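In what follows, a structure is listed as structure tokens, so that the remarks can point back to it.
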Amino acid sequence: MNDPLASLRTRFLDRTREDLAQLRAGAEPRPLVHRLAGTAGMLGFADLGRLAAVVDEQLVDGEANPADWAALLASMAEATRPS
């Protein structure tokens, strides 16, 4: 069966890999995390989307909880790890 979202998922994972590298390099996190929070769940990465939403809300309020931030980066790394 052909997955109609396969190409979108591939592009999402490529973008997430790039975003992870940017975040690790010190990029402004809010726009990247906000986009991730809005997109991940729609493409089948529900846990990643929920975690990104939590961190996004924390960033709106000022600063992300270090444990949640670390969990988000780990989740992004896991999602983009080659199979």
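The values are calculated or read from the model by the stated rules, or taken from the named source; none is laboratory data. These figures come from a predicted structure and were not determined experimentally. Virtual Cβ from ideal backbone geometry, glycine too; neighbours counted across all protein chains shown.
Among the candidates ARG17, ARG24, ARG50, ARG35, single out the residue that is more than 12 Å from the chain's Cα centre (by Cα), at pLDDT 95 or above and not aromatic (Phe, Trp, Tyr).
On the way: ARG17 fails: more than 12 Å from the chain's Cα centre (by Cα); ARG50 fails: more than 12 Å from the chain's Cα centre (by Cα); ARG35 fails: more than 12 Å from the chain's Cα centre (by Cα).
Checking each option against the conditions leaves just ARG24.
Being among the polar types (S, T, N, Q), more than 29 Å from GLY62 (Cβ to Cβ) and in a helix (DSSP H, G or I) is the filter here; which residues of the range 1-33 pass it?
Once the filter is applied, which keeps residues that are among the polar types (S, T, N, Q), more than 29 Å from GLY62 (Cβ to Cβ) and in a helix (DSSP H, G or I), the range 1-33 yields SER7, THR10.
Regarding the range 34-47, can at least one residue be identified that is in a helix (DSSP H, G or I) and among the aromatic types (Phe, Trp, Tyr)?
Taking the range 34-47 as the starting set, the residues that turn out to be in a helix (DSSP H, G or I) are 34-39, 41-43, 46-47.
From what is left, the residues that are among the aromatic types (Phe, Trp, Tyr) are none.
Within the range 34-47, not a single residue is in a helix (DSSP H, G or I) and among the aromatic types (Phe, Trp, Tyr).
Limited to the range 55-68, what total is found for residues that are more than 11 Å from the chain's Cα centre (by Cα), surrounded by 13 or more Cβ atoms within 10 Å (Cβ to Cβ) and either of a type in the set (Ser, Thr, Tyr) or assigned to a helix (DSSP H, G or I) (or both)?
If we filter the range 55-68 for residues that are more than 11 Å from the chain's Cα centre (by Cα), which is where we start, we get 57-68.
Subset that is surrounded by 13 or more Cβ atoms within 10 Å (Cβ to Cβ): 57-59, 64, 68.
Narrowing the set further to residues that are either of a type in the set (Ser, Thr, Tyr) or assigned to a helix (DSSP H, G or I) (or both) leaves 57-59, 68.
Residues that pass the stated criteria total 4.
With respect to ASP19, determine if the residue is buried (at least 18 other Cβ atoms within 10 Å of the Cβ), in contact (Cβ under 8 Å) with a residue 24 or more places away in the chain and acidic (Asp, Glu). Give the derivation first.
Working: buried (at least 18 other Cβ atoms within 10 Å of the Cβ): yes; in contact (Cβ under 8 Å) with a residue 24 or more places away in the chain: yes; acidic (Asp, Glu): yes.
When the stated conditions are applied, ASP19 passes them.
Counting only residues that are surrounded by 12 or more Cβ atoms within 10 Å (Cβ to Cβ) and farther than 17 Å from SER83 by Cβ, how many does the range 22-46 have?
So the count comes out to 17.
Filter the range 52-75 down to residues that are under 16 Å from LEU20 (Cβ atoms) and without any contact (Cβ under 8 Å) to a residue 12 or more places away in the chain, then give me how many there are.
Looking only at that region, the number is 2.
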